[in-house]
Amino acid sequence: MLDCAIIGGGPAGLTAGLYTTRGGLDKVTMFEKGMPGGQITSSSEIENYPGVTGEISGMDLMMPWPEQCQKFGLKHEMVEVTRVSKEGNIFKIHKGDGTVDEAHSVIIGTGSRPRRAGFTGEEQYFGRGVSTCATCDGFFYKGKDVAVIGGGDTAMEEALYLAKICKKVYIVHRRDSFRSAPNTVERVKRTANIELVLNSIPEEVYGDAMGVTGIKVKNSEGVIRDIDILGVFTFVGNDINNQVLIQEDGTFLCAMNDRGEVIVDISMRTSVAGLFATGDMRIAAPKQVVSAAGDGAVAALQAIAYVDELLSH
Ligand SMILES: Cc1cc2nc3c(=O)[nH]c(=O)nc-3n(C[C@H](O)[C@H](O)[C@H](O)COP(=O)(O)OP(=O)(O)OC[C@H]3O[C@@H](n4cnc5c(N)ncnc54)[C@H](O)[C@@H]3O)c2cc1C
């Protein structure tokens, strides 16, 4: 019986592993289906992790994290978790190899995946001009022209963020109205260096060996326009990796919002006692390494208190 099972080995899961083991829980296992480190390991550069200066890739940032956890006794199992269920006070961790482990508490941090917009060149230039995170990559386009794809809240907020850094921001949106909050749309319209390219979809992003140099957009009449930009930021939705919470009857183990994010309180507690959710998969997540790590620490401290209380009876 584990004191705590951690599902996912990204910044949230690894920090939860560090704090639970160092904070006194003896039997903690982190279940990660791939190499630990999470989605940031696919980023060629990260500039906003506090205290880490100089050029560093996501892979290099995350490299020492597992070793630091192992020093305090965290066990790591490389396996996909298929489902987490709860019977009485005991959580069952159903694994891809058909075996089931048991735990007093569970911290889940399985992350999210930004959806792809689906235009030509999107994969080819991903990380070399195509991005899904303005907070992460906007600074690389300081004083340059960029395009934002999408018309929801995230697209609008990220366009406003980019407009403060970049020379010009084109918002390419397939409709002529926005799903975003009206006051956000007003702020976008009042921003002098944002141009709205409406009723238009991205056809192709092209470039050279250095990265993206332009985008072809097609409007509803079929007219193609070439726009010179060096960066393309796509915000067409996010898929939360919440499959492990789906029960045999198709319901979720804990309360979720309509976007598939886990509802948590300020202590990362879900609606199920002993189950904590962290990082990109929880409601209102800033979707940053530093916040995911912070969530992992908060959840770990709560899990320690929960297990102490449970075992004292
Ligand atoms: C290209 C790119 C650039 C980015 N740049 C920055 C940046 O500059 N600064 C910044 O702060 N943030 C950046 N981010 C965002 C940052 O990576 C995420 O916010 C952060 O990694 C979230 O951490 P997490 O632990 O919640 O989830 P993740 O990092 O997604 O980790 C989740 C882990 O869970 C594992 N997992 C999922 N399902 C299962 C399962 N069923 N069983 C077992 N394991 C499972 C996954 O393999 C993964 O390792 C970037 C993201 C991307 C993709």
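So, of the residues in the stretch 272-307 that are small (Gly, Ala, Ser) and exposed (fewer than 15 other Cβ atoms within 10 Å of the Cβ), which turns out to be nearest to ALA134 (Cα to Cα)? Checked the stretch 272-307; the qualifying residue nearest to ALA134 (Cα to Cα) is ALA284. Quick one: is ASP258 within 30 Å of VAL197 (Cα to Cα) and assigned by TED's automatic domain parsing to the domain that holds CYS136? So ASP258 does not fit the description; no. Restricting the first member to the stretch 21-45 and to residues that are in the same structural domain as GLU67 (by TED's automatic domain parsing), and the second to residues that are near the ligand (Cβ under 6 Å from one of its atoms) and of a type in the set (D, E, K, R), the beta-carbon pairs closer than 7 Å and six or more apart or on different chains are LYS33/GLU80.
Number of residues in the stretch 132-149 that are in a loop (DSSP other than H, G, I, E, B) and among the polar types (S, T, N, Q): the value is 1. Determine whether the stretch 244-254 contains at least one residue that is under 13 Å from ALA12 (Cα atoms) and in contact (Cβ under 8 Å) with a residue 12 or more places away in the chain. No: zero hits. Reported count of residues in the stretch 161-179, each being open to solvent by less than 10 Å² (accessible area, probe 1.4 Å) and modelled with pLDDT under 95, is 0. In this structure, is ASN241 of a type outside the set (Ser, Thr, Tyr), open to solvent by less than 40 Å² (accessible area, probe 1.4 Å) and touching a residue at least 12 places away in the same chain (Cβ under 8 Å)? So ASN241 fits the description; yes. Looking at this structure, is VAL169 more than 22 Å from ILE46 (Cα to Cα) and either in a helix (DSSP H, G or I) or assigned by TED's automatic domain parsing to the domain that holds GLN39 (or both)? No, not satisfied. Does GLU157 meet the test of being open to solvent by 30 Å² or more (accessible area, probe 1.4 Å), at pLDDT below 95 and more than 14 Å from the ligand (Cβ to nearest atom)? Answer is yes for this residue.
On the basis of being modelled with pLDDT of 95 or more and within 23 Å of the chain's Cα centre (by Cα), does ARG259 make the cut? No: the conditions fail for ARG259.
The values are calculated or read from the model by the stated rules, or taken from the named source; none is laboratory data. On a predicted model such as this, the values are computed, not experimentally measured, just so you know. Here Cβ is always computed from backbone atoms with ideal geometry, including for glycine, and neighbour counts include all displayed protein chains. When the accessible area is computed, the model is the full protein with side chains, heavy atoms only, and any ligands, DNA or RNA have been set aside. Shrake-Rupley method; radii C 1.70, N 1.55, O 1.52, S 1.80 Å.
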